[in-house]
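Take a look at the structure set out below.
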Amino acid sequence: MEIQTKPACQSLAALPAAKRNDPGFFIGNMIPTCISDDVAKYLSDKWLADNTLFGPAAKVRDGVAAWRAAGVHTPILVPSSAAGNQMKAIEEVFAAFG
């Protein structure tokens, strides 16, 4: 997954490398997340692809890894569910990373 071109990661480039790589400097990002095998049914807009994680669990895990590789120390997943309510969304995220 190519993260460096995403707007949030482009803004990280404004920080000096020493600050970005300082473990004492907090870098986090709230990332809307939807785990679903039927992505085309729900999401097709480029903006969503640039600013969210969605799709099967493996794709979401790869996306989190890519955000970390881009310098986001603490990705904060904000789950939504295509198959239920907020509790269902939280269950899906825990299952994806459990």
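For segment 3-18, does any single residue satisfy the condition of being part of a loop (DSSP other than H, G, I, E, B) and either touching a His at 6+ places or on another chain (Cβ under 8 Å) or modelled with pLDDT of 85 or more (or both)?
yes
With the requirement that a residue be part of a loop (DSSP other than H, G, I, E, B) and either within 12 Å of the chain's Cα centre (by Cα) or modelled with pLDDT of 90 or more (or both), what does segment 74-97 give you? Walk me through it before giving the result.
So in segment 74-97, the residues part of a loop (DSSP other than H, G, I, E, B) come out as 82-85.
Result: no residue meets the conditions.
Which residues, taken from segment 45-98, are touching a residue at least 60 places away in the same chain (Cβ under 8 Å), among the small types (Gly, Ala, Ser) and surrounded by 15 or more Cβ atoms within 10 Å (Cβ to Cβ)?
Across segment 45-98, the qualifying residues are Gly63, Ala66, Ala70, Gly71, Ala96.
The values are calculated or read from the model by the stated rules, or taken from the named source; none is laboratory data. No experiment lies behind these values; they were computed from the predicted model shown. Please note: Cβ atoms are built from the backbone with ideal geometry, for glycine as well, and neighbour counts cover all protein chains shown.
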